[in-house]
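Data block below; observations after.
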Amino acid sequence: MLVRTLAVQQPWAGLIANGTKRTEWRSWSTPYRGPILIIASRGRNREDTDDARRRGQLTATDEAKGATLCVVDLVDVAWNEEEGCYGWKLARRGGAITPIKES
């Protein structure tokens, strides 16, 4: 079984996992639509993480690094002239982000 994955730096991976972030900006497009595994890369933007935490958008569990966080559906990819990159539209699977539970 082929599993599509997308590595996302924190705090954005946590914001996707908790449903706050619905668009991921990328310099490249893909014809693929369907489920994608969101992985928090080991990198982190400390300033943006601190800002998101102050706004109450992140909890400690949203800040994992080097971890698989959730599964979302990639429903559309469109060029955004204003941002100068592609907006990957993410949707909750079955109405909710599907978290990955550790065993």
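Please treat every number below as a calculation from the coordinates, not as lab data. None of these values were measured; they are calculated from a predicted model. Positions of Cβ are generated from backbone atoms using ideal geometry, with glycine treated the same way; all protein chains shown enter the neighbour counts.
Observations, loosely collected:
- Extension gain, residue 65 to residue 7, is 19.8 nm, computed as 0.36 nm per intervening residue step minus the present C-alpha separation.
- Working note: Karplus 6.51/-1.76/1.60 with θ = phi - 60° gives the stretch 34-42 the couplings x, x, 9, 7, 9, 10, 7, 5, 6 Hz, where Gly and Pro are set to x.
- Taking amide hydrogens as placed 1.01 Å from N in the peptide plane, the amide H of residue 39 sits under 5 Å from those of 6, 7, 8, 69, each at least 5 positions away in sequence or on another chain.
- Where labels lie 7 Å past Cα in the beta-carbon direction, separation of residue 28 and residue 55 in nm: 2.8
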